[in-house]
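Below is one structure; the comments refer to it alone.
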Ligand code: GLN
Ligand code: ZN
């Protein structure tokens, strides 16, 4: 019998229950027991929904309070010193949250022995998704040992509720490859010390009563570093014998296996999962390569996008796989964990009906997986109604004239290379901008947003519920903007911003004003910790009916003589943080957005805004996982950014901003974007990232973030000055800016005021040192 399976399920809860539980715990209004009870209820709900939908391999251990990589590190004893962990026994919840968020000097932390200076671990994007994981820090001093078999516990928890689950374990090689080594430690070298702990985990899982364990090795779809091949062989040789009777399912996702296929096919496991959504073409090669007695788990239902599965097409792939005697050892699954899609379409009542019919969120995908498994076992006829429905939806989508806009197509066809090119080179522009802006050395700015307070949320809610009028809402937004501008003037921010108070979200705000977009009400997807985003859906051609931000930027500029920075979200990020239609190439969708942003840039310039920032925080995350695919992506992504920016005159300064970006491998392309100024995340990595800019001799200006705003800790002026000094040692001060490393919308005003005060003091201090 074909097994219906998922690789993981959303954690936040249909109504973001996890967010509520975490935030009230952090605020001190609930206890640890309350938090754990909420988490257990979410897990119980997830098991019930999946089992109820006909999923036979229900995942467990995929849940995490903050992040599964962090929980894995904590369970395996990979906890650096300085977080209050005594060295034996499980890590406390205070230790785990300090690793995730940095210390905030609370009483609970003090009680747990966590110094108030403890910094959060580095956070980075999970492969090419918008989920962020915490990067485990390993060193020669790391002593792996099993502190807490969270996977065995998860199995027992499921069984106690009548569900035999399949625990999900981040595999040892991917765990090490995703970690960072301190003091010259190469994480992969720690494999021999790590394997006995993994073996113990597996024994515990088997004893708890699981028949299968899912071992995620997503790194198998990437270009492997030297030594990884041997590491995989060594690891799986050790794990294969660890718990007799426990079946190991090796899972790969987000890409095809390509040149790693022979390696994956040779590992001693009971089953292999492959992603047939991203890489349907790999099926035949996989069938040819794997031994006949291996279980194959076929990821045919998209875990990364919200479109319904073309069931007939998927069944075709499955039928191919079932030929040649393999039928008895197949699983039908989501391509990857469903973590990356929202919970359920049921809550969405406001969507265009024709569009809603084409969508499937996590729960709807469960039904697709189950029906496909049934179709494979019982034949097409058994699922003919579902196939017919799927066919008619595919046909209706193809025939929907609303998808195509002729004016947009014409404009796209008329784009010339000159439209992607500023009129003069950076040096010439920089001189014109210097004359216009007359900024001091180390100019101070922020990334754009200021705190989104309860007051602002209430205003937005009031507008939605029509308890206040649009005029009333806008007047309040103007008041907040005016206050923010006055405060920036007062403390000495050289390039102020309007504060983005009127924006709910940096993608949604624009999407709502563009045609071609649709929005969900509850389509939340976890980004990091308690932070969720509800990605818009790009379902038709994108165009801009009217200016989107000019009124706010112009209002803010009218209040100050300092040069106001207008804020826009760039085309690549607009694309990357949306669920995108699949009937035309992503590149085409991105170019459509670029034209819309270009119009906005032109309008801002015409309204007298001297600086425009086009945020591209998702630029790097769009990078294909494989080197071989990157050049093509970078070609069109850079071109789209340039198309959106290159409309302005020399004296108008273009900024861009990126967060959590490792630039070493793409610095030439970042330079090719040709923004006059780029601000980046560097505070958490101690200015490490600047090495890339220095080594490449990055030609334009850089604002390395000196305040890690993803942590609630307020840095001192001295700390920020120290970071600035390190930056001036690597990049000429004449090309450096001073700014936080991201927008401040998630922070509170008290900490923003303190930290910005310190930031201004740090800039002044270092300016004085430079002058001396
Ligand atoms: N301008 C945006 C803000 O300040 C940028 C956010 C981001 O990079 N994620 O919020
Ligand atoms: Zn940012």
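Please report the orientation-averaged projected area of the stretch 694-741, defined via the convex hull of its C-alpha atoms, in nm².
On the way: hull surface 14.0 nm².
Computing the convex hull of the Cα atoms and averaging its projections yields 3.5 nm².
Taking all C-alpha pairs of the stretch 388-459, those more than 20 Å from each other amount to 72 percent.
Tell me the Kirkwood hydrodynamic radius of the stretch 454-547 in angstroms, computed as one over the mean inverse distance between distinct C-alpha pairs. Can you show the working numbers first?
Numbers: mean 1/r = 0.0647 Å⁻¹.
Averaging 1/r across every pair of different Cα atoms and inverting gives 15.5 Å.
The distance from the alpha carbon centre of the stretch 339-361 to that of the stretch 20-96 is 28 Å, rounded to a whole number. With only the Cα atoms considered, the stretch 555-694 has a convex hull volume of 130 Å³ per residue. For the peptides 640-647, 255-262, the ranking by packing is 640-647, 255-262, with the highest mean count of neighbouring Cβ atoms within 10 Å listed first. The distance separating the Cα centre of the stretch 647-695 from that of the stretch 367-419 comes to 38 Å.
Bridge orientation summary for the chain: considering DSSP beta bridges with both residues in this region, about 15 percent are antiparallel.
Each peptide among 197-204, 408-415 gets the average number of other Cβ atoms lying within 10 Å of its residues, and from highest to lowest they stand as 197-204, 408-415. Taken along the Cα-to-beta-carbon direction at a fixed 7 Å, the label points for residue 725 and residue 412 span 5.3 nm. The long axis of helix 228-240 is offset from the longest Cα principal axis of the chain by roughly 40 degrees.
Computed over Cα pairs, the Kirkwood radius of the stretch 73-136 leads via Stokes-Einstein (1.002 mPa s, 20 °C) to a diffusion coefficient of 177 µm² per second. This ranking places 657, 522, 404 by how few other beta-carbon atoms lie within 10 Å of each, fewest first, which gives 404, 522, 657.
Within 10 Å of each residue's Cβ, count the other Cβ atoms and sort 295, 85 from fewest upward. Write down the numbers at each step before the final one.
Details: 295 21, 85 24.
In increasing order of surrounding Cβ atoms, one gets 295, 85.
For the modelled label position 7 Å from the Cα of residue 382 along Cα-to-Cβ, which residues of the stretch 273-303 have backbone nitrogen atoms closer than 12 Å? Once the point is set 7 Å along Cα→Cβ of residue 382, nothing inside the stretch 273-303 turns out to lie under 12 Å by backbone N. Our estimate of slack between residue 391 and residue 632, defined as 0.36 nm per intervening residue step minus the Cα-Cα distance, is 83.5 nm.
Place the peptides 178-191, 576-589 in order of packing, highest mean first, counting for every residue the other Cβ atoms within 10 Å and averaging per peptide. Can you show the working numbers first?
Values: 178-191: 16.2, 576-589: 18.6.
Put in order of decreasing packing, that is 576-589, 178-191.
Where does the stretch 216-265 land on Rg(C-alpha)/(2.2 N^0.38 Å)? Walk me through the numbers before you get to the answer.
Details: Rg = 11.4 Å, N = 50, 2.2 N^0.38 = 9.7 Å.
Rounded to two decimals, the normalised Rg is 1.17.
Across the stretch 82-228, Cα pairs under 8 Å and at least six residues apart give a relative contact order of 21 percent. Considering only C-alpha atoms, what is the centroid distance from the stretch 117-169 to the stretch 267-315, in Å? When both Cα centres are located, 25 Å separates them.
Rg and Dmax over the alpha-carbon atoms of the stretch 1-151 stand at 16.6, 55 Å.
In the stretch 330-382, Rg over Rh equals 1.05, where Rg is the alpha-carbon radius of gyration and Rh the Kirkwood radius from pairwise Cα distances. Taking 7 Å steps out from each Cα toward its Cβ at residue 432 and residue 27 produces label points 5.0 nm apart.
Per the Kirkwood definition applied to all pairs of different Cα atoms, how many angstroms is the hydrodynamic radius of the chain? Intermediate results must be reported in sequence, preceding the final value.
Values: mean 1/r = 0.0366 Å⁻¹.
For the chain, inverting the mean 1/r across all distinct Cα pairs yields 27.3 Å.
Can you compute the equivalent ellipsoid semi-axes for the stretch 283-387, i.e. the square root of 5 times each eigenvalue of the Cα gyration tensor, sorted largest first and rounded to whole Å? Present the calculation step by step, with values, prior to reporting the outcome.
Details: eigenvalues 154, 46, 20 Å².
Semi-axes from the Cα gyration tensor: 28, 15, 10 Å.
What FRET efficiency comes out for residue 733 versus residue 651 if R0 is 30 angstrom and r is the Cβ-Cβ distance? Round to the nearest 0.05. The value I calculate is 0.85. Computed over the stretch 732-772, the range of Cα coordinates on each principal axis works out to 36, 18, 6 Å, biggest value leading. The three principal axes of the Cα atoms in the stretch 201-353 give end-to-end lengths of 53, 35, 35 Å, sorted in falling order.
Grab the beta carbon distance between residue 15 and residue 515, set R0 = 25 Å, and tell me the FRET efficiency rounded to 0.05. Mind showing how you got there, number by number?
On the way: r = 30 Å, r/R0 = 1.18.
According to the calculation, E is roughly 0.25.
The Cα atoms of the stretch 634-689 define a convex hull whose projected area, averaged across directions, is 4.1 nm². Computed from Cα positions, the angle between helix 32-52 and the longest principal axis of the chain comes to roughly 60 degrees.
Global size of the stretch 381-514: 24.1, 74 Å for Rg and Dmax (C-alpha atoms, Rg to one decimal, Dmax whole).
Secondary-structure-derived ellipticity at 222 nm for the chain, considering helices only, amounts to -13000 deg cm²/dmol, per-run term -39500 (n - 2.57) for DSSP H runs with n ≥ 4. For 148, 655, 68, the sequence from fewest to most other C-beta atoms within 10 Å is 148, 68, 655. Taking the inverse of the mean reciprocal distance over all distinct Cα pairs, the Kirkwood hydrodynamic radius of the stretch 675-772 comes to 13.5 Å.
With respect to the chain, whose longest principal axis is taken over its alpha-carbon atoms, helix 627-645 is tilted by about 30°.
Throughout, read-outs are computed from the coordinates displayed, never taken from laboratory work. Predicted model, so just to flag it, every value in this text is computed and none were measured. Backbone-built Cβ (ideal geometry, glycine too); neighbour counts: all protein chains shown.
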